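The values are calculated or read from the model by the stated rules, or taken from the named source; none is laboratory data. As the structure is a prediction and not an experimental result, all values here were calculated from the model. Using ideal geometry, Cβ is built from the backbone for each residue, glycine included, and neighbour counts are taken over all protein chains shown.
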């Protein structure tokens, strides 16, 4: 990988992010009675997209919002401009990643429009989001936030609207936990701006439509990225798929499960393990034979165990060295083009690990790349192991204005032998002493919780 390309500045990224920040600041104080500073921020947003097809509509929306007269459609265009700017940053960053890795990226095919949404429910959601924008993050209160409850309840029974319902549910919960907004010392303006703008775009018919198909072939796992929330967890397996009669390409397979906030560390694998046989393949270092497995145009496998069969042993490092360089990257859906979603599998070796206080970097060909060990879940892959490694399978991400590598697995030397350590080593069950001990502690905690839940239900 050409690490030198990752450190070169990208023209226009700073300006696009500044325009987004200007809208976020306007949303912080609210657009019911905008002040001159907010009007200037809205004008900056409109200027940033003036040459795009959105230009005239966003300019009109910015003028209306600056006058305190914006309607729901105007807020929709402001949200569209914000997402378009993040999309342009995303595209510039992934183009640079493709240059650095030498891999090709597939083109997105626009699916036929299918406006089959319950219009009255979608408009109700849009109305609530408009009220939130008028109040601003500093103006939120429980009365405003509770207005989302009937909307969410009405959306949930409709399968096509559950994505919007889930987003609104989580967004409203975050806002409710932060009420009143006037008392907040710190406001997560970018995060709430992301949720607000994405929710508004989800009210547009066809916004979430994406073509799906089926695929058969050999799946070669690279590693697992574990996402943890207080009440939920998700394991996302990154892999290379060798389709029957086709060229290899990158895919993902995810499984999610609810959990109590007391289940952490090794206990998370116990929550996820019953839901996906692929986790067993990952922990055992085996391939998986797929037959007519559903897959989205973005390369996400809609995992169903009946379409999968465990295959022969497949060393992820052999896959990374031999197959990964020839694999193409699926396209990204328009609404998902955001820098935070960049997670590109890469293979690194021949680097020099340099530790400066709490900052670890890999020097690749004289160019340093930051290493994010904070994302690595509890297991045999420790920050110390990463620092002492000589080869790494990781995810290339863009965080705080720079590219960083999140390790999924490393090769290191122990007693003159090469040893591989994986972030997902405990996914299918721990075998080492530390893992077995952690598993037992997690099992005991889960048993206690089940007993308490049973007593509550009996009462």
Of the residues in the stretch 50-66, those that are surrounded by fewer than 16 Cβ atoms within 10 Å (Cβ to Cβ), touching a helix residue (DSSP H, G or I) at 6+ places or on another chain (Cβ under 8 Å), free of Cβ contacts under 8 Å to residues at least 12 places away in the same chain and part of a helix (DSSP H, G or I) come to 55
Exactly one of 151, 215 is crowded, with 20+ Cβ neighbours inside 10 Å, touching a residue at least 60 places away in the same chain (Cβ under 8 Å) and either part of a helix (DSSP H, G or I) or in contact with a strand residue (DSSP E or B) (Cβ under 7 Å, 6 or more places away or on another chain) (or both), and that residue is 215
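Here is a yes/no grid of residues against (1) over 14 Å from residue 226 (Cα atoms); (2) surrounded by fewer than 17 Cβ atoms within 10 Å (Cβ to Cβ); (3) touching a helix residue (DSSP H, G or I) at 6+ places or on another chain (Cβ under 7 Å); (4) touching a residue at least 12 places away in the same chain (Cβ under 8 Å):
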{"residue": "262", "(1), (2), (3), (4)": "yes, yes, yes, yes"}
{"residue": "288", "(1), (2), (3), (4)": "yes, no, yes, yes"}
{"residue": "294", "(1), (2), (3), (4)": "yes, yes, no, yes"}
{"residue": "300", "(1), (2), (3), (4)": "yes, no, no, yes"}
{"residue": "303", "(1), (2), (3), (4)": "yes, no, yes, yes"}
{"residue": "306", "(1), (2), (3), (4)": "yes, yes, no, no"}
In the stretch 71-94, anything touching a residue at least 40 places away in the same chain (Cβ under 8 Å) and over 24 Å from residue 336 (Cβ atoms) is listed as 71
Matching residues in the stretch 228-241 (surrounded by fewer than 20 Cβ atoms within 10 Å (Cβ to Cβ) and touching a strand residue (DSSP E or B) at 6+ places or on another chain (Cβ under 7 Å)) number 4
The residue from 160, 126 that alone is at pLDDT below 90, assigned to a helix (DSSP H, G or I), in the same structural domain as residue 193 (by TED's automatic domain parsing) and closer than 30 Å to residue 331 by Cβ is 160
Counted residues in the stretch 227-258 being modelled with pLDDT under 90, within 19 Å of residue 304 (Cβ to Cβ) and outside any strand (DSSP E or B) come to 0
Reported set for the stretch 409-438 where residues are modelled with pLDDT of 85 or more and not in a loop (DSSP other than H, G, I, E, B) is 409, 410, 411, 412, 413, 417, 418, 419, 420, 421, 422
Verdict on residue 224 being modelled with pLDDT of 90 or more and more than 28 Å from residue 163 (Cα to Cα):
no
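Every residue, every condition in (1) farther than 20 Å from residue 243 by Cβ; (2) over 20 Å from the mean Cα position of the chain (by Cα); (3) not in a loop (DSSP other than H, G, I, E, B), yes or no:
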position	(1), (2), (3)
274	yes, yes, yes
279	yes, no, yes
283	yes, yes, yes
288	no, yes, yes
292	no, yes, yes
303	no, no, no
306	no, yes, yes
310	no, yes, yes
For the structure I just gave you, tell me whether residue 337 is in contact with a helix residue (DSSP H, G or I) (Cβ under 6 Å, 6 or more places away or on another chain) and under 20 Å from residue 402 (Cα atoms).
yes
Practice item. Please work out if residue 94 is at negative phi and loosely packed, with under 14 Cβ neighbours inside 10 Å. Key: no
Here, strands (runs of 3 or more DSSP E) confined to the stretch 346-408 with at least 1 residues that are within 20 Å of the chain's Cα centre (by Cα) are 367-371, 389-399
Checking 197, 182 in turn, the sole residue that is in a helix (DSSP H, G or I), closer than 24 Å to residue 24 by Cβ, touching a residue at least 24 places away in the same chain (Cβ under 8 Å) and over 22 Å from the mean Cα position of the chain (by Cα) turns out to be 182
Exception for residue 167 within (1) part of a strand (DSSP E or B); (2) without any contact (Cβ under 8 Å) to a residue 40 or more places away in the chain; (3) touching a helix residue (DSSP H, G or I) at 6+ places or on another chain (Cβ under 7 Å) falls at (1)
- [ ] Could you tell me whether the stretch 326-343 includes any residue that is out of contact with any strand residue (DSSP E or B) (no Cβ under 7 Å at 6 or more places or on another chain), in a strand (DSSP E or B) and surrounded by fewer than 20 Cβ atoms within 10 Å (Cβ to Cβ)?
- [x] no
By my count, helices (runs of 4 or more DSSP H) wholly in the stretch 1-49 with at least 2 residues that are in contact (Cβ under 8 Å) with a residue 12 or more places away in the chain and more than 25 Å from the chain's Cα centre (by Cα) are 13-29, 36-48
| message | If I filter the stretch 309-321 for residues that are out of contact with any strand residue (DSSP E or B) (no Cβ under 7 Å at 6 or more places or on another chain) and at pLDDT 90 or above, do I get at least one hit? | response | yes
Original post:
Is it fair to say residue 225 is out of contact with any strand residue (DSSP E or B) (no Cβ under 9 Å at 6 or more places or on another chain) and surrounded by 15 or more Cβ atoms within 10 Å (Cβ to Cβ)?
Top reply: no
